[in-house]
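All of the numbers you see were taken from the coordinates with simple rules; none came from a lab. Keep in mind that this is a model prediction, so the values were computed, not measured. A quick note on method: Cβ atoms are made from the backbone with ideal geometry, for glycine too, and the neighbour counts reach across all protein chains shown.
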Amino acid sequence: MPDDGVTVVVGPSGSGKSTLLRLCNRLEAPTSGTVRFHGDDIAGLEPLRLRRRVGMVFQRPATFGGTVGDNLRVAAPRLSDADALHALSRADLDGSFLDRPASELSGGEAQRVCLARTLLTEPEVLLMDEPTSSVDARSRRALEDMTLGLAHNGVRMVWVTHDLAQARRLADYLLVLAEGRVEYAGPPERAGDRLDER
Amino acid sequence: MSAEIGWSGLATSLVLVAVAIALSLWRRLDLERSIAWASARALVQLLAVGVALDLVLEPGRTLAWSWLWVVAMVVVAATVVHLRAREIPGLFPLALAAFGAATAISLLVLFGLGVFELDGRTLIPLAGLTIGNSMAATVLVARRVFEELRDKREEVEARLALGHTSTDAARPYLRSGLRTALIPQIETTKAVGLVMLPGAMTGLILAGVDPIDAVRVQAAVMFLVLGGVATATTVVGLGVSRRLFTPDHRLVRMERPAEG
C-alpha cells in the first residue's frame, strides 16, 4: 500500500477485507506471511504502541457507557475540556455533544465520536472498516469529507467498503479482493471494469 | 434437651420425603422418582462422609488426614465447577487455584489469629464451608466474565484498538462479572437471622449449645464465607479474563453455543 492518500479495499463479503484490516493493527495474527509497517515486520513491534499509531474505526460504532466526554477520555485519560472540544470539531461535532450520553447518539453521530476518539491517539494511519455502512446519507458524506481532509493533512487511510461508488469517490489507490486474494492493486483509473457493478 | 436422634428417628423423618412424593403424585409433577433418588443419594453420601469423618477424626489420628481431606474437597469442587461450565477454557486449574486461595486465606485468618483452635473437628467443616459456599459464585463469575467478553467483543476490541492493554480493556467487564457474583452473597449476609437461621447456628442450637455461643460461631462463619467467596470469585474472574486474551493483547475467538 502506498505511503500517502486513501487506499480503498473493495471486494464481496467474505473476501477477507476486514481480516486484512485487522491484520494491520494486530487484532488478528497472520497464520502465514508478514505485515510490514515502514519496512518492519509488525509482529516484532510492541502491539499497544502500534495500535496507537495505526488507529481503527469499526463497522458498527462501539461507544462505551457514560458521556461523549467519557468516551474521549478512554483514549486520552488526561484530556482537558478544550482539547475535548477540539477533538470533537475534528469529527465535525459541536461542543454540545461533550456532555451527551453516548447511548443516545444516532448511528452517524456515534461513528463520528468514534472517529474523534481514535484521532486522539494521533494515528499515522487510520483503518476504516466500512465505517459508513450503518449511518445515514448525511453522516456518510460527512465521514467521507473528513476522511479526504485528514488524508490531505497527512493521515494515511485504508478504507474498506463494498460500495463501489464510494470506492470511486475516495480512492487514490485501490485493492480489489476476492476469496482472500488480491485481484487488483493499483490506481483506480486503471482498475477497468473491476469498479463496475457486476 | 439434646437433638441427638437415633436410627429410628432418622427413619421416621423419611415420612417428610413421603409427603413430598405424595404431593408430586397428587399434582402429577412427575418428580417422584427424582425425589426418591435425591433423598436416597443424600442419605448414602452423608453416611459415607460420616463414616469417613469418624475415621479421620478418631482421637490420636494425625492431622495430616484432615489436611488431605481439605485437599480432596478443593479438587472435587474444582471438578464440579469445571463440569458445570465446560464452555470456558482452562477452568479446572483456575478453580483449583481459586478454592486453594480462598481456603488458604480463610484458614490462615481463623487459625493463624486464633479464632478457632486448629484440629480436625474445626479444620474440615470450616474449609468445607468456605469451598462449598464459593462454588455457585465461582461458576457464576466464570460464565459472566466469559459471556461479557464474548458478547461485547466490539467494545473490547475498540478499547484494544485505542492501545489499551488487555487487562485495561477487560476491566469494566470483569468488574460487572464480579459484582454479579458477589451481590447475592452480600444480600444473604444482610438477611441472615431475619429470615432464616443459617445452618451452623441451627445445628449448634439443635445440639444444645447456648444461642449466644451459637451466634458467635455463626457470625464468624458468615464472615468466613464472605471472604472466601470474594477471594474465589476474584481469582476465577481474573483468571478467565486473562485466558481470553493472547499475550499480544488480542481477544481470542469464542464460540457461541448452538441455538435450540
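Observations
- Angle in degrees between helix A:107-119 and the longest Cα principal axis of chain A, rounded to the nearest 10: 90 degrees
- Cα-projected label distance for B:E255 with B:V75, points at 7 Å along beta-carbon direction, nm: 2.9 nm
- Using the rule -39500 (n - 2.57) for each DSSP H run of four or more residues, divided by the residues of chain A, the 222 nm mean residue ellipticity is -10000 deg cm²/dmol.
- Stokes-Einstein D in µm²/s, Kirkwood radius over Cα pairs - the protein assembly as shown at 20 °C with 1.002 mPa s viscosity: 80 µm²/s
- For q = 0.19 Å⁻¹, Debye-computed log10 I/I(0) when each Cα of chain A counts as one equal scatterer: -1.38
- Projected label distance in nm at B:S8 and A:S106, using a 7 Å step from Cα toward the beta-carbon: 8.4 nm
- Projected-area mean, the range B:33-159, by convex hull of Cα positions, square nanometres: 10.8 nm²
- Estimated from the Cβ-Cβ distance and a Förster radius of 41 angstrom, the FRET efficiency linking B:T167 and A:M1 is about 0.80.
- Paramagnetic reach from A:S134 (point 7 Å along Cα→Cβ, amide N under 16 Å) across the range B:150-191: B:150-159
- For q = 0.15 Å⁻¹, Debye-computed log10 I/I(0) when each Cα of chain B counts as one equal scatterer: -1.20
- Global form of the range B:26-98, assessed from the alpha-carbon gyration tensor, a/c cut-off 1.5: oblate
- Of all complete DSSP H helices in chain B, those with a Cα span along the helix axis of 27 Å or greater and a mean Kyte-Doolittle hydropathy of 0.5 or more are B:7-26, B:32-57, B:64-84, B:91-112, B:211-243.
- Cα centroid of the range A:39-54 to Cα centroid of the range B:194-220, whole Å: 61 Å
- Distance between modelled label sites at B:D30 and A:E122, nm, 7 Å Cα→Cβ extension: 6.9 nm
- When you count the other C-beta atoms within 10 angstrom of each residue and take the mean per peptide, A:182-188, B:9-15 line up highest first as A:182-188, B:9-15.
- Spatial offset of the range A:126-188 relative to the range B:57-77 amounts to 67 Å, using the alpha carbon center of each.
- In the range B:134-222, Rg over Rh equals 1.26, where Rg is the alpha-carbon radius of gyration and Rh the Kirkwood radius from pairwise Cα distances.
- Two numbers describe the Cα atoms of the range A:82-148: Rg and Dmax, which are 11.4, 31 Å.
- Counting Cβ atoms of other protein chains within 10 Å of each Cβ in B:154-160 and taking the mean gives 6.
- Charge context of B:L25, other residues only, Cβ under 13 angstrom, K/R +1, D/E -1: +1
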